[in-house]
Structure formats: structure tokens, C-alpha cells
Amino acid sequence: MNVLVTGGAGYIGSATVEYLLNHEHKVSIVDSLATGHREAVDRRADFIEMDLSERDRLIHFVMKGSFEAIIHFAAYSLVGESMQNPSKYFINNDACSINLLDAAVAGKIKSFVFSSTAATYGLPEESPIKETTPQLPINPYGESKLFLEKMLYWYNQIHGMKYTALRYFNAAGASTNFGEDHSPETHLVPIVLQAAMGQRKNVAIFGDDYNTKDGTCIRDYIHIEDLAQAHMLALTAPRSGHYNLGTGSGFSVKEVIEVAREVTGKKIEVSVSTRRSGDPAILIADSTLARKELNWNPLHENIREIINSAWEWKKKFPTGYNDK
Ligand code: UFG
């Protein structure tokens with residue numbers, strides 16, 4: 001297919017672009033490079049530096065591009081930042097995304113795939129989380145993603161545009177060429193690997209008094225190449241839908257650190273600090289629906305393999321992409 005990928009210079013976007021190109025799709029990337037990296041742009045794709053706020057340019061571009069599908073990653077994604085600056089999240093993740101939805105309608109796009117998140121569930125009522133678990137976000141980031149899911153529902157009802165909302169749990173790992181480089185880095189796996197590499201003194205564990213087996217938060221870590229596979233499958237899904245993407249297994253912060261010690265062979269010092277606000281104790285996906293309806297078949301579900309892939313990338317790019 002001829003696919004437009006927004007945010008294709010970002011962490012999950014870059015791995016998905018690579019995956020699509022490896023599977024014979026044609027890809028154009030739109031990215032403002034606000035958080036993405038020029039070096040994370042796969043050279044086989046067309047690249048257009050553009051912000052989604054550029055409404056007329058975007059609509060014109062999509063109308064001229066003969067695209068069949070859009071995968072929309074471009075968004076701000078820091079929960080903590082969204083609690084300080086909600087405006088940034090609602091403007092970029094919602095208002096600017098409306099420009100993309102309108103461009104998609106004008107360009108007669110057949111399939112729209114959207115990066116949603118487990119953060120739309122807030123403090124979930126049940127575990128593992130199903131797609132039918134009530135979505136009650138507890139921060140503007142999660143709310144901004146839920147808004148867009150709702151807008152997609154109405155664009156589908158009114159304009160007939162098929163969409164797939166993919167709710168990721170904790171994206172982790174790397175492909176051979178593309179990995180995680182955020183500034184500032186807030187995610188557990190890259191922080192643990194920075195400590196393994198001696199780039200930080202220790203890992204602060206944000207709370208060890210949760211109601212879990214070892215007192216630390218439990219998350220469902222999913223490899224970015226498995227997320228990429230789900231995006232590709234969603235392009236040709238017969239109908240609109242919402243899917244949780246995770247392995248169905250949870251690992252605590254302490255377990256992740258222990259696996260990283262084994263994988264890297266390095267000492268990783270820890271300190272226990274206070275809870276980070278807005279962290280639910282346990283987030284585990286029930287991804288039965290994605291496996292059944294999208295034929296999703298994740299291939300890298302082992303936490304050791306996930307962390308090892310991130311470590312291999314880290315050794316290749318010790319300070320990230322170095323283009324900022
Ligand atoms: N953590 C630490 N120390 C650190 C960093 C993280 O203890 O230095 C803990 C967090 O408190 C949390 C776990 O490690 O319990 C994972 O934290 P991340 O920041 O790696 O990931 P989150 O679960 O907070 O967030 C991820 C995505 C969000 C998404 C969310 C869904 O990054 O975009 O899952 O709940 F919204």
C-alpha cells in the first residue's frame with residue numbers, strides 16, 4: 001500500500017516505517033522533528049518536514065499523495081508533562097490531529113491507524129484490561145488520546161473512514177537500526193540501560209509500597225517490532241476497531257532491573273524514591289481481540305529478548321541519535 005506515516009521519525013514510528021518497507025509497502029513520513037530524529041528516518045522512505053498545525057499544506061499534501069492509508073503516531077506522550085501543560089497536549093494531539101483527519105477525508109483515505117494508549121484506561125477497574133474496560137483517563141495525555149479515538153468514531157460514522165485505534169501498553173526494545181531516544185528520558189528500560197552503561201549513577205525506583213508481589217509497579221512490556229506488525233495488519237483490517245497491544249504478562253520494576261543486570265552483565269545500582277504521581281500499580285493487557293481479529297502474532301514476547309534488543313541498540317548508539 002501507499003502509506004503516509006506521521007511521526008515516522010519517532011521511537012515506535014521509525015520501527016514501523018522500517019517494518020512496512022521490509023514488507024513491500026511504500027512509505028512517506030511527515031514529522032516536525034519536534035521530538036523525532038532525522039537520523040531515525042529510514043532512508044528508503046520519502047520524508048517531509050511538516051507540522052500538523054500547517055492545515056492547508058497538510059490537506060494539499062494528502063490530496064496530491066495518492067495515499068491509501070495513514071498511520072498517525074505524531075503526538076506528545078509524556079504523562080508528567082501533560083499534567084503541567086495540558087494545553088500543549090490538547091492543541092497538538094487533538095486540534096492539530098483534526099487537520100490530519102480532514103486531510104484524510106479530502107484525500108479519500110481508506111484506512112486510518114491511530115496510536116492510542118493504555119493511558120486511556122486510567123486506573124483500570126479490572127486486570128488484565130480488555131477493550132471494554134471503562135476508559136477513564138487520569139491525565140491530559142490519556143484524555144487527549146481518548147478524544148481522538150472518539151473523533152475517529154464520528155469521522156467513521158459520517159465520512160465512512162475506517163479506523164483502527166491501537167492501545168499500546170509499554171513499548172520497549174529496538175530493531176537493529178532504530179531504538180529509543182527521548183530527551184529528557186523518562187521510560188524505565190532506557191533509564192536502566194543508561195545506568196548499566198555508567199551514564200547515570202543509579203535507577204530511582206518510584207515507590208516500593210504498591211500492592212504488588214514486590215511492592216513495585218507492574219507493566220506489560222511489548223516489543224516495538226510486534227507493535228509494528230500490528231500496525232501493518234491494521235492497514236487491511238476489514239472493519240473499524242480498538243485493540244489492546246501487550247503480551248498479557250506483567251513485570252515489576254524490580255524484575256525489569258534484574259533482567260537488565262543479567263542481559264548486560266553490569267551492576268545496576270538502585271535507590272528507592274517516592275511514588276510518581278499518576279502511576280497505576282498494575283497495567284496488563286488482554287490482547288485476545290487483536291490476536292483473533294487482526295491475526296496479530298507477536299514474536300518477541302520474552303522480556304529478556306526485549307531488553308536484550310534495547311541493549312544491543314544502546315551499545316551501537318550509546319548517546320542516542322546525536323542530532324539534537
Ligand atoms: N519507573 C521507575 N523509575 C524510573 C522510570 C520509571 O521506577 O526512572 C517506573 C514507573 O514508575 C512505572 C514503570 O517504571 O511504574 C514504567 O514507567 P515508564 O515511564 O517506562 O512507563 P509508563 O508505564 O509510565 O508509561 C507508558 C507509556 C505512556 C503510557 C503508559 C500507559 O510511556 O505513554 O505506559 O499507562 F501512557
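Overview of values
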quantity: Test item: Cα-centred dipole of region 27-100, Lys/Arg +1 and Asp/Glu -1 on Cβ, debye; calculated: 60
quantity: Radius of gyration and maximum dimension Dmax of the chain, Cα, Å; calculated: 18.8, 56
quantity: Stokes-Einstein D (µm²/s) once Rh is taken as the Kirkwood radius of region 201-308 over alpha-carbon pairs, at 20 °C in 1.002 mPa s; calculated: 139
quantity: Within the accessible area of region 110-222 (1.4 Å probe), percent carbon and sulfur; calculated: 52
quantity: Segments 85-94, 269-278, 25-34 sorted - mean Cβ within 10 Å per residue, highest first; calculated: 25-34, 85-94, 269-278
quantity: Whole-percent carbon and sulfur share, accessible surface of region 1-94, 1.4 Å; calculated: 50
quantity: Computed over region 69-156, Cα set: Rg, Dmax in Å; calculated: 13.4, 40
quantity: Spacing of the two label points (7 Å from each Cα toward its C-beta) at Arg57 and Lys316, in nm; calculated: 3.1
quantity: Surface/4 estimate of mean projected area, convex hull on alpha-carbon atoms of region 1-121, nm²; calculated: 7.3
quantity: Per-residue HN-Hα couplings for region 180-197 [Karplus 6.51, -1.76, 1.60; θ = phi - 60°; Hz; x = Gly/Pro]; calculated: 9, 9, 10, 9, x, 7, 10, 7, 4, 4, x, 5, 4, 6, 4, 5, 4, 8
quantity: Contour excess over end-to-end distance, with Cα ends at Met197 and Lys108 and 0.36 nm allotted per residue; calculated: 27.2 nm
quantity: Solvent-accessible heavy-atom area per residue, rounded to whole Å², over the chain at 1.4 Å; calculated: 43
quantity: Approximate shape of region 246-317 as ellipsoid semi-axes (Cα gyration tensor, √5λ), whole Å, largest first; calculated: 26, 20, 10
quantity: Segments 241-249, 66-74 sorted - mean Cβ within 10 Å per residue, highest first; calculated: 66-74, 241-249
quantity: Helix 303-316 axis, angle to the chain major axis (alpha carbon atoms, nearest 10°); calculated: 80
quantity: Fraction of accessible area attributable to carbon and sulfur, region 278-324 (%, probe 1.4 Å); calculated: 52
quantity: Net +/- balance of residues flanking Ala106 in space, Cβ distance below 14 Å, scoring K and R +1, D and E -1; calculated: +3
quantity: Share of Cα-Cα pairs in region 149-233 lying beyond 15 Å, as whole percent; calculated: 72
quantity: Rounded tilt (10° steps) of 11-22 against the dominant C-alpha axis of the chain; calculated: 60
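The values are calculated or read from the model by the stated rules, or taken from the named source; none is laboratory data. It should be emphasised that the depicted structure is a prediction, and the values quoted were computed from it without experimental measurement. Methodologically, a virtual Cβ is constructed for each residue, glycine included, from the backbone with ideal geometry; neighbour enumeration extends over all protein chains shown. Note: areas computed on protein heavy atoms with side chains; ligands, DNA, RNA excluded. Shrake-Rupley method; radii C 1.70, N 1.55, O 1.52, S 1.80 Å.
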